[in-house]
Amino acid sequence: MNTLVRLSLLLSSVLLVSACGGGSGSSAPAQGVSKGVITALGSVIVNGIEYNIDNAAIKIDDNPGTPSQLKVGMVVKVRGSADNSTRLGVAREVEAHDVLEGNISALGANTITVMGQTVHIEDNVTRLNDDNTVKVFSAANFQIGDRVEVHGFPDDQGGLRATRVAKITSSNDFEIKGYVLALGSGSFGLSLTPGGAAILTVTGSLPAGAGIGSLVEVRSNAAPVAGALTATLVKLEDRLAGAGEKVEVEGIVTSGSVDDFVINGQEVLTSSSTIFEGGLKTDFAVGVQLEAEGTLNGSGALVTSKISFRSNIKIEADLSALSSTSFSVVGKTVTINAFTRIDGGPLANGQHVEVRAIADRDGNLVARRIVVKGASSQTFIQGPVSAKDAAAGTLSILGLSVLTTSGTEFRISTDSAEQAVGQSAFFAQVTLGVTIVKARWNSSNTLAAAQQVEIELGK
């Protein structure tokens, strides 16, 4: 199908939903499985969906649990129904599984070592000791010998990016989850990602049905010694879902290309029909944090209908107020940390840069990637819209008020085509807190009316 025709059909369907009341109640909730981080409680919010858990079966590390045991920062698997138009769902089952459980054997700069694995902790992002007032590594007061459980994702550097680290006293087991590598006589290798580098050699027998590539939980009564662990139990973990089931998975891209890659141990496939949300296909890179949505095929790979970039905040502007830990663009302070990738550096004041960022727990911007570009007068910001006033023609993005007028270009775009729309149609597409909008200016004056505002459908 011609790309422009396909875009027109897609836009027409979106406009039809808006004409019917913005999509509320316009589609039946879909049954499926969602695996990601709990970002808020009350119910639980996972991958942007607020799930009611009043009647859900709760499991904590395979044991029956209660809603009060669910914590922000836990990585969970939710089985139930969800309506993407209302962002509401009903959970039948919620399973929480940590990645590591054991004693801290070493401390570093925002790192701890548990079960021989380096765990990276990000200030104002990683949840620490289930205490909302403890936001930075130093305040958590971790000590060698402390017993902790760790939730998080394997990263592209061979370590773990923690989403939650909490001290515990209720267990004497040492636990680690990973993927089976080469088999030996009464032993096997273990990796954090399928086919990845070996992190441990485990002495023990695999359960029935487990083989190379299987995800297993290994328990021991002692910590690893020199990369070797003696198992007291090896348990085969359940598959994420069955063939044909709808699945959403959040994680960091650890290997592969945009067409075939791995996040959180799950193989993900994209195609020409995959929609990229919060960015374009060209924004893909190993190390980027994504959410992939689609269905599992017979081989267990996730065939995607949509890819959502977690770091969907982008700014292009001149850099100023540079220090070792932060800088300023369009009047916004952006933090630099160990996870920030810099292309074309070193950074210097006055450089024209493109920044991809996330918002931390306090709403502050943290750079995930900075690209130094050639000198330019162009400025743009991209992020979720927090407020809109169609009558006044204003949008609030990243705390900045964006003014639009009759001279502003309103566009909806894909990877390969753009289509102009009217102001009223554009504003009708914007769902607060959900829709990502890019605003452009031909100067550094963001108080002036934007030259262009754009919703990137990414298809």
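Some values worked out for this structure:
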{"quantity": "Sole residue being within 26 Å of the chain's Cα centre (by Cα) and either outside the structural domain of residue 137 (by TED's automatic domain parsing) or among the polar types (S, T, N, Q) (or both), chosen from 431, 404, 408", "calculated": "431"}
{"quantity": "Enumeration of residues in segment 295-316 that are on the phi > 0 side of the Ramachandran plot and assigned to a strand (DSSP E or B)", "calculated": "none"}
{"quantity": "Pairs with Cβ under 9 Å, 6+ apart, first in segment 49-78 and within 23 Å of residue 31 (Cα to Cα), second assigned to a loop (DSSP other than H, G, I, E, B) and basic (Lys, Arg)", "calculated": "49/87; 50/87"}
{"quantity": "Neighbours by Cβ (under 6 Å, 6+ apart or cross-chain): first from segment 122-135, closer than 11 Å to residue 110 by Cβ and not assigned by TED's automatic domain parsing to the domain that holds residue 339; second assigned to a loop (DSSP other than H, G, I, E, B) and among the charged types (D, E, K, R)", "calculated": "125/360"}
{"quantity": "Failed condition for residue 370, given (1) surrounded by fewer than 13 Cβ atoms within 10 Å (Cβ to Cβ); (2) touching an Asp or Glu at 6+ places or on another chain (Cβ under 8 Å)", "calculated": "(1)"}
{"quantity": "Yes/no for residue 144 being in contact (Cβ under 8 Å) with a residue 40 or more places away in the chain, within 23 Å of residue 225 (Cβ to Cβ) and part of a loop (DSSP other than H, G, I, E, B)", "calculated": "yes"}
{"quantity": "Test set (1) out of contact with any strand residue (DSSP E or B) (no Cβ under 6 Å at 6 or more places or on another chain); (2) in contact (Cβ under 8 Å) with a residue 12 or more places away in the chain - residue 296 fails condition number", "calculated": "(1)"}
{"quantity": "Selected residue [part of a loop (DSSP other than H, G, I, E, B) and crowded, with 21+ Cβ neighbours inside 10 Å] from 98, 123", "calculated": "98"}
{"quantity": "Looking only at segment 347-360, and only at residues there that are at pLDDT 95 or above and either assigned to a loop (DSSP other than H, G, I, E, B) or assigned by TED's automatic domain parsing to the domain that holds residue 286 (or both), the one that is surrounded by the fewest Cβ atoms within 10 Å (Cβ to Cβ)", "calculated": "350"}
{"quantity": "From 256, 278, 363, residue being over 27 Å from residue 402 (Cβ atoms) and either surrounded by fewer than 20 Cβ atoms within 10 Å (Cβ to Cβ) or modelled with pLDDT under 90 (or both)", "calculated": "256"}
{"quantity": "Any strands (runs of 3 or more DSSP E) falling wholly within segment 204-246 and containing at least 2 residues that are in contact (Cβ under 8 Å) with a residue 24 or more places away in the chain and buried (at least 18 other Cβ atoms within 10 Å of the Cβ)", "calculated": "215-220"}
{"quantity": "Search result, residues across segment 160-203 that are outside any strand (DSSP E or B) and aliphatic (A, V, I, L, M)", "calculated": "168, 192, 197"}
{"quantity": "Of all residues making up segment 222-248, the number that are aliphatic (A, V, I, L, M) and closer than 16 Å to residue 172 by Cβ", "calculated": "5"}
{"quantity": "Yes/no for residue 387 being part of a loop (DSSP other than H, G, I, E, B), in contact (Cβ under 8 Å) with a residue 12 or more places away in the chain, surrounded by fewer than 20 Cβ atoms within 10 Å (Cβ to Cβ) and not charged (D, E, K, R)", "calculated": "no"}
{"quantity": "Some residue of segment 155-166 being small (Gly, Ala, Ser) and surrounded by 22 or more Cβ atoms within 10 Å (Cβ to Cβ)", "calculated": "yes"}
{"quantity": "Scope segment 393-420; condition of a type in the set (A, V, I, L, M, F, W, C) and either within 19 Å of residue 358 (Cα to Cα) or surrounded by 19 or more Cβ atoms within 10 Å (Cβ to Cβ) (or both); matching residues", "calculated": "395, 397, 398, 400, 402, 410, 412"}
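Residues checked against (1) of a type outside the set (A, V, I, L, M); (2) modelled with pLDDT of 95 or more:
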{"position": "76", "(1), (2)": "no, yes"}
{"position": "79", "(1), (2)": "yes, yes"}
{"position": "85", "(1), (2)": "yes, no"}
{"position": "90", "(1), (2)": "no, yes"}
{"position": "95", "(1), (2)": "yes, yes"}
{"position": "104", "(1), (2)": "no, yes"}
{"position": "118", "(1), (2)": "yes, no"}
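To keep it simple, each residue is scored yes or no on (1) closer than 30 Å to residue 286 by Cα; (2) modelled with pLDDT under 95.
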site: 128; (1), (2): yes, no
site: 135; (1), (2): yes, yes
site: 158; (1), (2): yes, yes
site: 172; (1), (2): no, yes
site: 184; (1), (2): no, yes
site: 198; (1), (2): yes, yes
site: 218; (1), (2): yes, no
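The values are calculated or read from the model by the stated rules, or taken from the named source; none is laboratory data. Just so you know, these numbers come straight off a predicted model, no measurement behind them. Note that we place each Cβ from the backbone using ideal geometry, even for glycine, and neighbour counts take in every protein chain shown.
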